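First the structure, in the form of structure tokens, and then the observations on it.
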Amino acid sequence: MNAAQREQLQRSWADRPGLVGWLTTVDHKRVARRYIVTAFVFFLMAGVLALLMRAQLAYPNLRLIGPDRYNQMFSLHGSAMMFLFAVPIMEAVAVYLVPLMLGTRNIAFPRLNAFSYWVYLFGGIMIFAAFVLDVGPEAGWTGYVPLSSSDFSPGKRTDFWAQMITFTEVAGLCVAVELVATIMTQRAPGMTLARMPLFVWSMLVTSLMVIFAMPSVMLASTFLITDRLVGTQFYNAAEGGDPLLWQHLFWFFGHPEVYIIFMPALGMISSIVETFARRPIFGYTPMVLALVATGFLAFGLWVHHMFAAGLPPLGNSFYTAASMLIAVPSGIQIFCWIATLATGRPRLAVPLLFVLGFFALFVLGGLSGVMLASVPLDLQVHDTYFVVAHFHYVLIGGALFPLLGAVYFWFPKIAGRLLSERLGRWQFWLLFAGFNLTFFPMHYLGLLGMPRRVYTYPHGLGWDAYNLMSSVGAYVIALSFVLMLVNIVRTLRRGDAAPDDPWQAPDLSCATASPPPAYNFAAVPAVSSRHPLWADADATPCAELPVLAGVRSDRREVLLTTPVDAAPANRWAMPDPSPWPLWSALALTVVFVWSIFDQWGVVWGAIPVAVAMTAWFWPKRSEPSLGGDA
Amino acid sequence: MTARAARTLSLLLLALPLAGCAVQGVQSSLQAAADQSRAIDQVWTLMLWVCSAIYVAVIAALAWAIWRRRRAVQREGRTRDPLLARALAAWVVLVVGLLSWFVAASFLADRRLHAGHADLEIRVTAKQWWWQVEYLSPQPDQQFSTANELRLPRDQTARIELLSGDVIHSFWVPALSGKEDLIPGYSNAVLLTPRRAGRYRGQCAEFCGLQHAQMALDVEVLDAAGFAAWRARQLAPAPAPSDAHALRGAQLFLGSACASCHAVRGTSAASRLGPDLTHLASRRALAAGALPMRREALRAWLADPQHAKPGNQMPQVPLDPRDRELLLDYLMGLR
Amino acid sequence: MCSRCLASALLTVLLAGAGGCERERREYHSTPAGTDARPALTSFRPGGAPLDAAPSALGRHYQDNAFHIGQGGRLFRSYNCNGCHGAGGGAIGPALMDAQWRYGGSIEQIHASIVDGRPNGMPAWRGKLTDEQAWQLAAYVSALAGNVSKAAAPSRRDALSATPPLTQLPAQPTQPGDASAQQPPPQ
């Protein structure tokens, strides 16, 4: 492809300049970058809440923070970490990488992508502003009724929380739908399902899980909102409702939710291990089957959050068996990764270091999870600090460590510069040490009887020393993130420029510049193996990549391929930048916030939403289209 | 960071688990004192050893994978893959076998938690943020009510019926058994068969609002004679005021806001909104464990209940300091 | 995100939620009124003159605070107001959800009725409740009549449902009704 053609491509795919371009972009990379930055900002804010909580718990009977504020803090910490950080950032990394790994120019439904970011941003701002104004959530991130009903949580605090769920679930569902559509229809020609990178597989399964799980929590939170606003009786035992209905609906979502967070990390680990072991992953097929099995099994476990609720024992035992069963696919994956490293030629760069950290921490968390799966043992440690330790090990060890590895791995691709290896190692070791110091003692605290969600504790129960250790560790973790920020800021200012393929990775994302141009690939690549950029199974870099000609460069167009075999099928016109996603998101925000106070907000607020969405979907007659705009 | 420093740090971190060896406490689940908690303890011991072994094996495999000596030029590529495939199959078989063992052990222990014939029936109603404890009996005059304390006879099975007066709470005495939730609209139950006399502590284990952190239960396991004596004392009505001060205190109690919420059996105060105070001074703690049962603590509590337990349902009743002392004389006599 | 956009977004949110602070505060640590040796006086006297009920900041405060209204609802059940007033629809005692107020329907007047008692069976609760509890009950009764901010009112209790949701009630006027318009008590 010559320079004139590239220039034409750049013109077709470029955004408008300045602030207008920033607000109207539908480029998946720009949207994903701001998603990632926003999610990290929420992460840091939620982390500050954790630091305050640990300060209050450092000594028994401290009076730094009163019960009301403390309850709001842990509720927002959990809600922000789960709804505003963990799921969105995994989806954001996927939004950035999946089109690149598939060799296509943009994600499916690009305007929906932009819309989902704005909805997510406004929802996040709303809940943090609510916290500042003393109207933040106070019933935990799980919001059990009747505590969260209007009788026991007066005012609008829980309503803001329930509505925040609606915001984030809308955003999450949008991204999930885009990812499934992209993966099923926009793969590079020749990239059959059996040749997809494992990260793409993990995002496919994750997105399908999102689509099936999130409606459950939206239903639960909507019932809660109507109970609190207009007096429905869904959760009122005295009128035929049931407090356990909330728990079932919430955990039917809540358990898949943690796998939604964890599964993208599994994909990231596969990418990192493959690259740094310098051989293809051992056991591709068992790995894919393990991902799919995890996705299915995740929906059959939720009752293990309710073992103490008094359900029939035989039913509980079924969920013990199911919860233990899901350890098998994870065990398969651990074996395959270790086998890959053992038979490859590993080099210990920072991304692989984080993956090693993952192994040390996630396996421990997974094993404590197997313990929690046992009904009698769970009846002792449920709702104690043992569970807090478990889920932090699996969430931080199992999702955050791979994510940080992914940050170091893909930062050169995204920002075009190389992060400092030295600072990266310091960050890793500080985080590893601080994390273990914070959360390992919590296993003992749980066994010694310390329940969760307590703003203080008495002296003399054997808890004092462990709490102090945890509190000190929390500040060590904070220090590691300060280092990370320093690393990122320094690199952005004066870091070394990154080559196209900084780590000699095998997937298509490295077949383009760092950072990629707006159009991703100058020509549509064709693929004939699982490792398009490796000539053989020994990670020898490919000299050339075959490409397909015929997709237009004078306007936005992508190539669609068949779902299973990825044979070329269609050329599809992609939308230009548009302001309507932003207007629609603003209108939707007005509806959601208004309806917290008055149910008529749904009716009257629907009008601007309808106007904005009509403008969004209005067909363009100015340019001929081969199949319609998204 | 240098490799040596990293190794030193890892070794130091490995010592962290050892810190757990020297700890017991009155709310510890590792200090099993009943049939039920001992059944659970057996499952815990099994899983702890097996899971620790698995963990060590996985980490050792990983360390070997990274740091094993490789012949410099040889590129193994995928020559070992068939062997690895067989190893994977063996690994899956091992994991499934161990998990099946866990499932069977859990199932059997769970059955032991629900087995047993009740010798004693108790009803616990959890409220924000205290425990109403009623000892039931087929004869109505043998029933009595107390609050925030549980006394059990050793070697007998008590069946605790669990009700909630407002939100979801969770009844949990770690030394005796696992926890069970108290859910409005539901009646759950837990069986306790204590085997070792002594003092234990329970605590609400389901987040229930502002003072979830201070909703403790004082539990004592007594031998048969001690339990019978305690029960007889509880059945007796409140002792009459012993002197003029206490009498004046009783009059204050009955004439003011106190009797609107609290019951003292043997007087006209019969409200069930707040904890039963009939034998208040015989308890070891006040306000569900927030304060010790001593005159100074009770004085501070009466002066301002919201100081020690902010958000709890007891209002601040305005009282003259002299009147408060008379009231204290009465209350401290309620043994 | 540019700093200007961020600032305006924050400002919008802040203005929208400006009422949040007072409504949401959980005030469980109140200052007690202190015992007064003099007998309490009432402005209630024969002749049908309206009772003193200057709107007070204190009354307004309780009416606007969600926590106090919620507590009032719990006290309404705890102290068996249901026994005479039903869930607000009246039985032996008059309805509290309508526009007829024999002794006035402003929160100050309701508070006075609770604390002083009234002829024909309303007990005097002074000394049996704290003053704050009486204000909380009065706030809840105001909510039954639809006279509190809808954002502060609870929609329903977690109990048998006997009223429409309090967030949906129309506001009832609070002046005393004409006594001659009262129905005779049921036989």
Hey, with R₀ at 35 Å, roughly what FRET efficiency would A:Ser529 and A:Asn2 work out to, going by the Cβ-Cβ distance, to 0.05?
0.80
Among B:Glu220, A:Glu178, B:Glu149, A:Glu138, which comes first, second and so on when ranked by fewest other beta-carbon atoms within 10 Å?
B:Glu220, B:Glu149, A:Glu178, A:Glu138
Value in Å of the Kirkwood radius, where chain A supplies the Cα pairs that are averaged
25.4 Å
Ranking of A:Lys29, B:Lys309, C:Lys150, A:Lys620 by count of other Cβ atoms within 10 Å, fewest first
A:Lys620, C:Lys150, A:Lys29, B:Lys309
Among beta bridges that DSSP assigns inside the protein assembly as shown, antiparallel share in %, nearest 5
75 percent
What nm distance separates the two modelled labels at B:Arg68 and A:Leu51, each placed 7 Å from Cα along Cα→Cβ?
4.4 nm
Which aspartates and glutamates have a Cα less than 19 Å from the Cα of A:Lys620, not counting those fewer than 8 places away in the same chain?
A:Asp15, A:Asp554, A:Glu557, A:Asp576, A:Asp629
Rounded FRET efficiency, nearest 0.05, which uses the C-beta distance separating C:Cys84 from B:Arg295 and R0 of 51 Å:
0.80
If you fit an axis through the alpha-carbon atoms of helix B:35-67 and take the longest principal axis of the Cα set of chain B, what angle between them do you get, 0 to 90°, nearest 10?
30 degrees
Would you please state which residues of the stretch B:217-236 a label at B:Gln139 would reach in this model, taking the label point 7 Å out along Cα→Cβ and a backbone N cut-off of under 17 Å?
B:228-236
Please work out the FRET efficiency for the pair A:Thr562 and A:Leu19, using the Cβ-Cβ distance as r and a Förster radius of 51 Å; give the result to the nearest 0.05.
0.80
Calculate how steeply helix A:464-494 sits against the longest principal axis of the alpha-carbon atoms of chain A, using the helix alpha-carbon long axis, and give the answer as 0 to 90 degrees to the nearest 10.
20 degrees
Under the rule rounded for a/c under 1.5, else prolate if a/b exceeds b/c, else oblate, using alpha carbon gyration tensor axes a ≥ b ≥ c, the protein assembly as shown is classed as oblate
Label-point separation in nm, B:Asp223 to B:Leu235, each point 7 Å along Cα→Cβ
2.2 nm
Where only C-alpha atoms are counted, convex hull volume of the stretch B:244-332 per residue in Å³:
89 Å³
The extension gain from A:Leu62 to A:Ala238, computed as 0.36 nm times the residue separation minus the Cα-Cα distance, is 59.5 nm
Expressed as a whole number of Å, what is the distance separating the alpha-carbon centroids of the stretch A:146-189 and the stretch A:313-385?
27 Å
Calculate how many DSSP beta bridges within the stretch B:23-169 are antiparallel, expressed in % of all such bridges and rounded to the nearest 5.
60 percent
Cα axis of helix A:28-56 to longest principal axis of chain A: angle in degrees, 0 to 90, nearest 10?
20 degrees
For the residue pair B:Val92 and A:Gln10, what label-to-label distance in nm results when each label sits 7 Å from Cα along the Cα-to-beta-carbon direction?
5.1 nm
What the Cα atoms of the stretch C:63-179 span along the principal axes, largest first and in whole Å, is 33, 31, 25
Added length on full extension, which subtracts the Cα-Cα distance from 0.36 nm per residue, A:Thr285 to A:Asp538
89.2 nm
Using a Gaussian network model of chain B with C-alpha springs under 10 Å, which one of B:Ala246, B:Ala105, B:Ala87 is most mobile by mean-square fluctuation?
B:Ala87
Kirkwood-type radius of the stretch B:120-235, with distances r between different C-alpha atoms, in Å:
14.2 Å
Tell me which lysines have Cα within less than 26 Å of B:Lys309's Cα, excluding those fewer than 8 residues away on the same chain?
A:Lys156, B:Lys127, B:Lys179, C:Lys128
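No value in this document is a laboratory result; all are computed from the given coordinates. If you're wondering where the values come from, they're calculated on a predicted model, not measured in any experiment. Note that each Cβ is placed from the backbone with ideal geometry, even for glycine, and that neighbours are counted across all protein chains shown.
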